[in-house]
Each structure stands twice: as C-alpha cells, then as structure tokens.
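Enquirer: One structure, as structure tokens, below. Some questions next.
All of the numbers you see were taken from the coordinates with simple rules; none came from a lab. Quick caveat, the model's predicted, so the values are computed rather than measured. For neighbour counting, all protein chains shown are included, and Cβ atoms are generated from backbone atoms with ideal geometry for every residue, glycine included.
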Amino acid sequence: MKAAATQPYFWNVRVYYEDTDAAGVVYYANYLKYLERARTEWLAAAGVTLSALEIEHNAVFVVHRLEIDYRRPARLGDSLTIRLAPVERTRVRLVVAQDILRSDELISSARVSLACLDRRTWRPVVIPECIPGHARRIGRTGSTAPREKLS
C-alpha cells in the first residue's frame, strides 16, 4: 500500500543499549539516525527504494539543512514514534517536518531539507516523479528553470 503524499507517516522504534550513553539516555546524534530511518521507510511505504532511486533515476537525496530541537530525553527501552510530514517542495528540494514522540509526549522536533542530486555529478536535479507528493506541490513552488540553486 502506498503512503499518501501529504499525509503524515508514522514509524516506530525502540531504544536499545547501543542508542544510549552511560546514563541510559539516547545520545543526541542517534536522534538523527531515527529520523533518517523514518525517511527511508516513508519512501519504501510509497514503493520507492533508495537503491532503485539511484539505479533507475540516477538520483540521491542528501541532507542540505537540518534544524532540531531536543525537548525531553528518550531513555533505554522507550518505544518511540517518528512522525514525518512533507512541508515544502521545489523542483530539487524536499523539506520534511519530523517529530519524535513517546506516546503523546514530544521528545524532539526537526525540520530537514533534502536536496536531490545526480549521483554522478553531485549537481541538483529535478526530483523524480516517483517521490511522494510529486504531482501536487507542497508549500511554495519552485523555479520553472531545469536547475535551481540550493539556498
């Protein structure tokens, strides 16, 4: 079943020993791993694998900008839910809002800007049509030029 383009996507993860520091609190960089995994699963739920994106479309996504707020510590054994929602899209850039929740409690919130690049030249390219939300622009629209400068 394909994920809806603009509907929030939810992915669950449990905190393991490997995710925590000596105090049993999730090490700050591991939140970024949870966010990355949720984005990968969001694409997979829409029928897009990263390997197919590279092979069939010669495209890769890279994190262009990331803003994250840590609000509460996640701890060993916690069951967390990562909520993802696309919030902005241009021809070459996709921005998603991602929250990490423990039940209904907001643990962390992030805004991640992803650039779509040609995997050979590392230059910006138009996001392939197979990516969720392609048919309907989210937020502001992009340039009509074939390439767009990343800001």
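Enquirer: Using the Karplus curve 6.51 cos²θ - 1.76 cosθ + 1.60 with θ = phi - 60°, work out ³J(HN,Hα) for each residue of segment 111-116 in order, rounded to whole Hz, and write x for Gly and Pro.
Expert: In residue order, the calculated couplings are 10, 10, 9, 10, 9, 9 Hz.
Enquirer: Same structure, new question: Return the long-range amide H neighbours of VAL87 (sequence gap of 5 or more, or a different chain), with a cut-off of under 5 Å between placed amide H atoms.
Expert: For VAL87, the qualifying residues are VAL95, VAL96, ALA97.
Enquirer: What's the exposure ranking of THR40, THR49, THR90, going from fewest to most Cβ atoms within 10 Å?
Expert: Values: THR40 15, THR49 12, THR90 23.
Ranking THR40, THR49, THR90 by Cβ neighbours within 10 Å, fewest first, gives THR49, THR40, THR90.
Enquirer: How far apart, in nm, are the 7 Å Cα→Cβ label points at ILE68 and ASN12?
Expert: 2.3
Enquirer: State the answer as a single residue: which of ALA85, ASN12, HIS57 lies farthest towards the positive end of the charge dipole of segment 1-96, with beta carbon charges of +1 for Lys and Arg and -1 for Asp and Glu, about the Cα centre.
Expert: ALA85
Enquirer: May I ask you to list the trypsin sites (Lys or Arg not before Pro) in segment 1-60 that are in a DSSP loop and have at most 14 other Cβ atoms within 10 Å of their Cβ?
Expert: Working: sites: LYS2, ARG14, LYS33, ARG37, ARG39; in loops: LYS2.
Answer in residue order: LYS2.
Enquirer: Over segment 9-118, how many percent of alpha carbon pairs lie in each 5 Å bin up to the one with the longest distance?
Expert: In order of increasing distance, the bins hold 2, 12, 21, 24, 17, 12, 8, 4, 1 percent.
Enquirer: Compute the distance in nm between two label points, each set 7 Å from the Cα along the Cα-to-Cβ direction, one at VAL126 and one at ALA29.
Expert: So the two model labels end up 3.8 nm from each other.
Enquirer: For segment 77-134, what's the relative contact order in percent, using C-alpha pairs closer than 8 Å and at least 6 residues apart? Intermediate results must be reported in sequence, preceding the final value.
Expert: On the way: 97 pairs, mean separation 15.9, N = 58.
Reported relative contact order: 27 percent.
Enquirer: Please report, in debye to the nearest 20, how large the charge dipole of segment 9-118 is about its Cα centre when each Lys and Arg carries +1 at its beta carbon and each Asp and Glu carries -1 there.
Expert: On the way: 14 positive and 15 negative charges, 49 e Å.
The dipole of segment 9-118 has a size of about 240 debye.
Enquirer: Could you check the simple spin-label distance between LEU50 and ASP118, using points 7 Å along Cα→Cβ, in nm with one decimal?
Expert: If labels sit at LEU50 and ASP118, their model points lie 2.3 nm apart.
Enquirer: Which ³J(HN,Hα) values in Hz, rounded to whole numbers, follow from the phi angles of segment 82-87 under the Karplus curve 6.51 cos²θ - 1.76 cosθ + 1.60, where θ = phi - 60° and Gly and Pro get x?
Expert: Here the 3J(HN,Hα) series is 9, 9, 10, 9, x, 10 Hz.
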